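Novice: Here's a structure for you.
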Amino acid sequence: MNIILLGAPGAGKGTQASKIAAKYNLLHISTGDIFRANIKNGTEIGKLAKSYIDAGKLVPDEVTCKIVEDRLTWDDAKNGYMLDGFPRNLFQAKELDKFAKVDLCLNINVDEGLLMDRICGRRVCACGESYHITTLNGATTCAKCGGELYQRADDNPETVKSRLDTYNTQTAPLIDYYQKQGKLATVTSGEGSPDEVFAQIVKILK
Ligand code: AP5
Ligand code: MG
């Protein structure tokens, strides 16, 4: 099964992707994580992506689509995957339809008023886990791997405003795109706890 995880910045795509990956053994592909790894490693893609990510804008489509198309040819993608953060506009969605078969688009719906706090309070680990300061109880290391937690460079109020604007203008139209294809399932409990949201996703996947 090939799934798209759609949702605004901070909706919980990464949080739910790790739960879905653990239960259903699906590969988690996050374009944001791929770009951050490239930035960390100082690659040409990383140098290009950084200016767009810091500004809360989309990295150019030709770069992003090529990365995803290549990634989907790896052996580990043969048994199904989740795309987290891709596609992010209509052009990317149409390109994806040319090189992959999408079974389901899970749209995690969360009240926009919650997103700024969720994102600015997020702490992440290099292993991919995300936490929120309210549930860390002062811990500074990852409960899963012991790695040092840090704040993403784009998790500041100014960049978050721009990311939300980019989402509303460019990504939200994909809801209609997948609705028309009969592939959309909306997670209406996005404001619930991570476990409540996951329970709804499990029901949908059944
Ligand atoms: P990306 O990394 O995809 O970021 P994003 O879409 O802005 O989403 P986030 O990762 O911020 O949020 P999330 O939904 O994963 O939430 P999370 O689970 O962490 O993209 C970053 C940038 O890369 C883009 O701005 C763009 O520049 C570039 N890019 C990426 N893909 C691209 C593409 N396809 N094309 C072009 N450019 C691209 O949760 C957030 C917080 O909330 C955490 O603290 C978490 O603990 C907490 N939380 C989660 N769920 C709950 C819950 N149910 N209740 C309470 N707290 C919760
Ligand atoms: Mg994420």
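Novice: Can you tell me which residues in the range 180-206 are touching a Gly at 6+ places or on another chain (Cβ under 9 Å), within 8 Å of ligand 1 (Cβ to nearest atom) and assigned to a helix (DSSP H, G or I)?
Specialist: 194, 197
Novice: So which residues in the range 169-192 are modelled with pLDDT under 95 and over 17 Å from the mean Cα position of the chain (by Cα), if there are any at all?
Specialist: Matches in the range 169-192: 188, 189, 192.
Novice: A further question follows. When the residues of the range 107-130 are filtered to those that are of a type in the set (A, V, I, L, M, F, W, C) and away from ligand 1 (no atom under 11 Å from the Cβ), which remaining residue is nearest to residue 150 (Cα to Cα)?
Specialist: Among those residues, the one meeting the criterion is 125.
Novice: Oh, and also: Name the residues in the range 180-198 that are surrounded by 14 or more Cβ atoms within 10 Å (Cβ to Cβ), free of Cβ contacts under 8 Å to residues at least 40 places away in the same chain and in contact with a Ser or Thr (Cβ under 9 Å, 6 or more places away or on another chain), would you?
Specialist: Within the range 180-198, no residue meets the criteria.
Novice: While we're looking at this one, here's another question. Quick check on my filter: what residues within the range 10-37 are touching a Phe, Trp or Tyr at 6+ places or on another chain (Cβ under 9 Å) and either more than 11 Å from ligand 1 (Cβ to nearest atom) or of a type in the set (Ser, Thr, Tyr) (or both)?
Specialist: Across the range 10-37, the qualifying residues are 15, 20, 23, 26, 27, 30, 31.
Novice: While we're looking at this one, here's another question. Only one of these conditions is not met by residue 82: (1) crowded, with 17+ Cβ neighbours inside 10 Å; (2) more than 16 Å from ligand 2 (Cβ to nearest atom); (3) farther than 20 Å from residue 150 by Cβ; (4) not hydroxyl-bearing (Ser, Thr, Tyr). Which number is it?
Specialist: (2)
Novice: Another one. I want to confirm something. Restricting to the range 130-168 and keeping residues that are modelled with pLDDT of 95 or more and of a type in the set (D, E, K, R), which single residue is surrounded by the most Cβ atoms within 10 Å (Cβ to Cβ)?
Specialist: 163
Novice: Here's a follow-up. Let me confirm something: among 63, 59, which residue is more than 15 Å from ligand 2 (Cβ to nearest atom), open to solvent by less than 40 Å² (accessible area, probe 1.4 Å) and modelled with pLDDT of 95 or more?
Specialist: Criteria check complete, one pass: 63.
Novice: Kindly indicate whether residue 97 is away from ligand 1 (no atom under 13 Å from the Cβ) and within 14 Å of residue 4 (Cα to Cα).
Specialist: Criteria met by residue 97.
Okay, residues lined up against (1) within 30 Å of residue 188 (Cα to Cα); (2) within 15 Å of ligand 2 (Cβ to nearest atom):
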| site | (1), (2) |
| --- | --- |
| 48 | no, no |
| 52 | no, no |
| 75 | no, no |
| 92 | yes, no |
| 103 | yes, no |
| 117 | yes, no |
| 121 | yes, yes |
| 143 | yes, no |
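Novice: So, in the range 14-56, of the ones that are in a loop (DSSP other than H, G, I, E, B) and surrounded by fewer than 15 Cβ atoms within 10 Å (Cβ to Cβ), which residue ends up modelled with the lowest pLDDT?
Specialist: 25
Novice: Suppose the filter is within 15 Å of the chain's Cα centre (by Cα) and of a type in the set (Val, Ile, Thr); does residue 64 pass it?
Specialist: yes
Novice: Quick check on my filter: what residues within the range 96-129 are open to solvent by 40 Å² or more (accessible area, probe 1.4 Å), more than 20 Å from residue 162 (Cβ to Cβ) and out of contact with any Phe, Trp or Tyr (no Cβ under 6 Å at 6 or more places or on another chain)?
Specialist: Result: 97, 98, 99, 101, 103, 109, 126, 127, 128.
Novice: Under 6 Å between Cβ atoms, which residue pairs at least 6 apart in sequence (or on different chains) link something in the range 16-41 that is closer than 17 Å to residue 124 by Cβ with a partner that is open to solvent by 40 Å² or more (accessible area, probe 1.4 Å) and within 10 Å of ligand 1 (Cβ to nearest atom)?
Specialist: Correct list of pairs: 39/50.
The values are calculated or read from the model by the stated rules, or taken from the named source; none is laboratory data. Given the structure is predicted, the values throughout are model-derived calculations rather than measurements. Note: ideal-geometry Cβ built from the backbone for every residue, glycine included; neighbour counts use all protein chains shown. The area values use the complete protein model at the heavy-atom level, side chains included, leaving out ligands, DNA and RNA. Shrake-Rupley method; radii C 1.70, N 1.55, O 1.52, S 1.80 Å.
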